1. The chain: D in µm²/s via Stokes-Einstein (Kirkwood Rh, Cα pairs, 37 °C, 0.692 mPa s)?
2. Considering all projection directions equally, how large on average is the shadow of the alpha-carbon convex hull of the stretch 168-225, in square nanometres?
3. Please identify the DSSP H helices in the chain that span no less than 20 Å along the helix axis (Cα) and have a mean Kyte-Doolittle hydropathy of 0.5 or more.
4. Taking neighbour Cβ counts within 10 Å as the exposure measure, how do HIS9, HIS176 sort from fewest upward?
5. If you rank THR186, THR227, THR215 by fewest surrounding Cβ atoms within 10 Å, what's the result?
6. Note down the nm distance, to one decimal, between modelled labels 7 Å out along Cα→Cβ at PHE89 and at ASN270.
7. R0 = 51 Å: FRET efficiency of ASN213 with ALA28, Cβ-based, nearest 0.05?
8. So for the stretch 141-281, what percent of the C-alpha to C-alpha distances run longer than 22 Å?
Amino acid sequence: MRPKRRMCHDIFEPWIEIRMRDASALKAPEDLDSAQLVTANAKGLALFGLLVPCDTFGSVRQRVLERDDGRWRAGLFHVINKIARGHAFYPVQAVFEGCDGRICRPVLLAVDRAGPLGPIETFHISFAEEVSSPDTAAMPRNLAVLASLLRFTFRFRWEVLEQFARPDLNATDVEHCDISLKRIQTDWYSRGTISEDEMASVFTPVQAVRLRNMTETWRTLRKPDFTGELDRALEDRDGRRVGVLLRRFLPMNQEFLEMAADRFAELIGNATRPHIGARTRH
């Protein structure tokens, strides 16, 4: 009888495997640093500028220049914690720049358990290259803020308003609207969070007042504790109410797009060619 061949499992994306005693007891993203690094493939090590594995996740991730204030680690922490508790979760959306220059997003790929329903032993994390994520590090901050605001405003217009700002929504439409809003919100908190004061600072004083009026109106509809008018309508699957509330934002969305686009063009026009050349040489 021919001996059985030992199976080899090749993973083509950057990948690491970590172990912790009780992931459900994690309290903060920093708690992930003490997780044991069980193994990693060569691409996973290269992403963090390593040739050989370190002992812990903390010693690996410290090699990465975090331009996003660690949002990707916060997202990974929440996903691991929820999986350990047996709860549903949204995939991590936050990204970071690896040591090889690629923009990547962590993906909780799989877990190893002690039996079908046993405790989790290890977590498998891959890192998907995010080719659509903009790198604004070289942009002046005011332009980067406006670029981010325009991106999210366009998404809100065509993923939500153009589809659901009508009074004849059925329960399925409301569910899809809720998912679209959560997807944009998750993206915002993971990659684009900007304070209202910073948003206002990139506009003229008159424009800033208009912006604050818009955000104040939005806060009556969507609240952190999900008690806003739109929050309640979505929870009740009230299609007519959801459509009516969203229709309020069609003119405001149009006004903001025009205002932000004009301001963006104005700031671009103020940029000098010698300044651009100087940045290129560096």
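1. 150
2. 5.4
3. Span-like helices, by this rule, are 141-156.
4. Fewest to most other Cβ atoms nearby, the residues stand as HIS9, HIS176.
5. THR227, THR215, THR186
6. Result: 4.3 nm between the two label points.
7. Rounded to the nearest 0.05, the efficiency is 0.90.
8. 44
Readers should treat all values here as calculations from the given coordinates under stated rules, not as data from a laboratory. Quantities reported herein were computed from a predicted structural model and do not represent experimental measurements. Methodologically, a virtual Cβ is constructed for each residue, glycine included, from the backbone with ideal geometry; neighbour enumeration extends over all protein chains shown.
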